[in-house]
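Working notes, structure below.
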Amino acid sequence: MRWAALFDDMEVQFAAALQSASEEEAADLYRSEQGRVALTARLAGQGDWTVTVRVAGGQNFTGRISHVGSEWLVMRSADRSVLIPLAAVQVVQGLGRAVGATPTRVHARLGLASALRTLSRDRQHVSVYAGSADARYDGVLDRIGRDFLELALVPTGEERRSSNVQGVVTMPFAAVSAIVTLA
């Protein structure tokens, strides 16, 4: 009788040790997989969540992430869309647990210049934030280079015509913290 109890106790201890080792391996595997997740994949999985993104310069933008490129994200709220270079993101609050799909090869090639060329082609009126809330420039994107943009300063509500242009500013992409368009 004592032997049976001893063997039963040993079996229970062995099963507990196996369970503990299995849980530890699973936790290690989970941590390893999480180490492979890129920020773009985390952001791409947040379609239904309202998030707040703090950018360089201290501005906060709140909305739902609608698109994620290799170097940028677009957030939409009721009245505007905000294109944010990933290099300007400092903090994201409100992310859910989801992770988006791994981007395709074509998707990975859509850099910031590609997104800006679309706005430029559409002659969309934008507000460009460059570092701080005080450094805001309103106008129409005239030229998009490899690593810079040129913005024709045009008063809000007016079309881009040479008579309406109050000046042109050129800035490197690295200086851009956000580009806002009215929805």
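What order, most packed first, do the peptides 60-73, 121-134 have when packing is the mean number of other Cβ atoms within 10 Å of each residue?
With the highest mean Cβ count within 10 Å placed first, the list reads 60-73, 121-134.
Quick one: grab Rg to one decimal and Dmax as a whole number for the stretch 39-182, Cα atoms only, in Å.
Reported Rg and Dmax, both Å: 15.0, 51.
Evaluate E = 1/(1 + (r/R0)^6) for Glu150 and Arg80, where r is the Cβ-Cβ distance and R0 equals 30 Å; express this FRET efficiency to the nearest 0.05.
The value I calculate is 0.85.
What is the set of long-range amide H partners of Ala135 at a cut-off below 5 Å, with H atoms built 1.01 Å from backbone N?
So Ala135 has HN proximity to Ala130.
Through the Karplus equation 6.51 cos²θ - 1.76 cosθ + 1.60, θ set to phi - 60°, convert the phi angles of the stretch 59-75 into ³J(HN,Hα) values in whole Hz; use x for Gly and Pro.
In residue order, the calculated couplings are 6, 10, 10, 10, x, 9, 6, 9, 9, 9, x, 5, 10, 7, 9, 10, 10 Hz.
By how many nm would the segment from Glu158 to Ala87 grow when fully extended, if each residue of separation counts as 0.36 nm and the alpha-carbon distance is taken off?
22.5 nm
Just subtract the alpha-carbon distance of Arg136 and Arg123 from 0.36 nm times their residue separation and send over the number in nm, one decimal.
Full-extension gain reported as 2.9 nm.
FYI, it's all coordinate maths here, none of it is from the lab. Model, not experiment: these values are computed from the prediction. Cβ coordinates were reconstructed from backbone atoms using ideal geometry, including for glycine residues, and neighbour counts include every protein chain displayed.
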